[in-house]
Structures are given as C-alpha cells and as structure tokens.
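The values are calculated or read from the model by the stated rules, or taken from the named source; none is laboratory data. Treat the numbers as computed from the prediction; the structure is a model and nothing was measured. Counting neighbours? That spans all protein chains shown, and the Cβs are built from the backbone with ideal geometry, glycine included.
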Amino acid sequence: MGVRRTVPVALDVDSDDAVLLEDTVDTFLWSAQSVVDHAFKGEYVTTNKTTLDDETYDDIREQTDGFNGGLVQAARNKAAEACKSVVARWKNGKKASKPTFTSPHVVYDKRTATFYDEYVSLATTDGRIEADYILPDEDSDTPHSEYLFSDEYETTGAELHYRDGDWVLHIHCKMEVVSDTSEQPTPENGTVLGVDLGVNNLAVTSTGTFWTGDEFDHWRHEYEKRRGSLQQCGTRWAHQNIQSVGRKEEGRFKLLMHRISNELVAEARENECTVIAFEDLTGIRERTGASWGHKWAFDRLYDYVEYKAEEYAITVEQVDPENTSRRCSNCGFTHPDNRDGEEFECLKCGYENHADYNAAKNIGLRYLRRNQTGGDGGAPLGVRLNSGMLNVNGGYSPATVSGQNGSPR
C-alpha cells in the first residue's frame, strides 16, 4: 500500500528564469487545451491516453517548436483525465462542458524535474533552470522535514503553480507501507462510516459526531468584511492587502480542514471501519445552498480524509446523494416533508432525529447496497452507529461492546 503526501515549497526564482517559467506555463496550458479540443472533435469524446498521444503528440511538438516531450505527455494526461471526468458526469446524467485550462500550472515527473536537497531542476521551453527552495527553520516540525526530506518517502513528481508573482512547487511524496493484516479488520467483518456534509454542520457521521460550521462561518464573514473595507480604499496598498487577506484565509481554513479530517479518520479507526462513505460532491452547492467557500471546504476535507485514511487501509468512497436527506433511515419511507430544516420526522413510522445524522446513516446504507454482493463476498456488514450497527436492510443491532451506548439511533 502506498501512502502519499503533497508538500508545498516556495521557490526562489530570478527574473530571467521567471520569464522562462511563465512561457512554460503558457505552453503547457496551450498543449493541454489542444488535446482537449482534439478529443471533442469527433462524434464521441476521446479519453484514451494512447489514442490521444498518437493523434496529437507530433502536431503539438511541431507547433510549440519542440516543447519538452515529457511535458507534452503530462499535458496530454491532464487533458485525458479532464475529458474522462466530463464523460463520467454525462453518464450520471449531470451537465458538463468541454474543459478549459486557465489556472497557471505545470505538471512535472521524474523525467522533467530533478529534486535535490536545497533546489530543484525544472524543464522549460528552453532547457532547464534551477531554483532554490525557500524553507522554514530547520528545527521546526514541518511537512518538509517529515516527508520531503525523510528517507522513508520517495519524491515522485510535482505541480508548479504561479500566483501573484510567487512560484510554489507542490511536491508529491510516496511511502510504501506493508499492512499488518492481523491488525486490520477483514472486509467480511468491515463496517462503513457514513458522512453527511452541510452548511450548518460541515460534517456529521453515522456514529453521531458533529463538526459544526460555526468557526468556518465566523472567519469567512470576518475575512469578507476585511476585503470589503480594503476594496473601498481603492489604493495599491489596499489591493496588495486584499491578496494577503486571501492567503491568510486559505491558510486558516486549510488548518481547520486538516483538524476535522484527522478527527474523522480517528473516528473511523476507533469504530473499526474499513470504509468512509461521503455523498457525491458533484452539485453539492445546488443541493445544500452552500457558498463557493463551503464547496472549497468540502473538496478539501474529502481530499484530506482520502489520503490520511489510506495510511490505515481505510477506503474512502462517494455515493449518489439522491434523497439521502429525505429518506427515513429507520423504515425507508422517502418524502420531502420528512425533513424540516435540521429536524427529521418520518411521516410513516414517526422516527425522529437530527436531519443531518439521519442523512449520514442513509449515505452509509447507500454504500452498503451499492456494494452488496450476496453471501460473504467481501461486502461490509453494516453502517457503524455509536449505539450499534445497521445492516444492509436497515435492521438495527445494538452494540455488544461496552462504552458504545448513548448515541442517537
């Protein structure tokens, strides 16, 4: 099993090299867009990387004056993945348009980047440049010391990002871990932790743990007020400070999502879950009335949980969220009037509970039913509650382990 981490490292880039990198970014994005445009030309969207490589590689190299072959292939991979995402949305009945690449970045692998202890060598449109790392204090406990400079982790590649004059290399690290299966629950004895995401409560699990959105909303409004005050000034100083406020805001919210993701994975481990099931994040703004800030938080939380859970052999999945907030997790009756804000009361059986908690249980049940194989074919047995377990049919079994009582069923 591989454990993956991404470490952002600021780069010290001189003015001449910055011009080369900017040209490389533009060429990379143009190359990726060219592949997408070609993929969408036919009656069907082409998503196969080999086919796209055969049909576009030579033309792109010719039109870009021999752009680095490895970067051309990285752009092709980026384009192919974007096309696959569009096709997947169409198959699920979702709207999606042809991808466009505007965010300034370049994808590097071991052929196009060489990583050293204090600097990196990067391929550009005109040979290679070297850029020094801007690192924190050597004595501080940072991801740089824990992953980037650890003998246990291998550097596999990176993404170079450019924003507001700053160059940041997001370096990918990987460590191979041999799991001790004697300490991990087997799939036959596995359980699912359902997770519902929302605005008032950022996350709620089927074990009855709530992470409210109060702190997130408080700071989101605070940063909005600060930006609003600065925008009224209209000065260059104010503009620069708006950018600074944005960086502080993102940093604060990343720390918050790291904390929640750590606690969520710990919740799964404590309850011996082998799967964490989220609702599909596609269209979550329309379903929940969330802001773009909340959508960013949901995406970030999912990504953090996914890579942190991997270390403990816990799978993280998304399921179709349709009617999970309207369905009764007790009897299965589904009706829009079952839910009233944060209150849930089934019109058929009278079951009452917090609406987000009820939805979290339904998300776990949806994963069970989607993966039901019959017999003991490896499908998890139930959705974990703090007070027991729900089986695939919604049947409830109380906990047999002491200390797991008192959570709302």
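Scanning region 316-343 for residues that are in a strand (DSSP E or B) and surrounded by fewer than 23 Cβ atoms within 10 Å (Cβ to Cβ) gives Val316, Glu317, Gln318, Val319, Thr334, Arg339, Asp340, Glu343. When Glu342, Glu306, Glu317 are checked against the criterion of being touching a residue at least 12 places away in the same chain (Cβ under 8 Å) and under 16 Å from Val265 (Cβ atoms), a single residue qualifies: Glu317.
Being outside any strand (DSSP E or B) and under 24 Å from the mean Cα position of the chain (by Cα) is the filter; apply it to region 165-190 and report the residue that is modelled with the lowest pLDDT.
Among those residues, the one meeting the criterion is Ser179.
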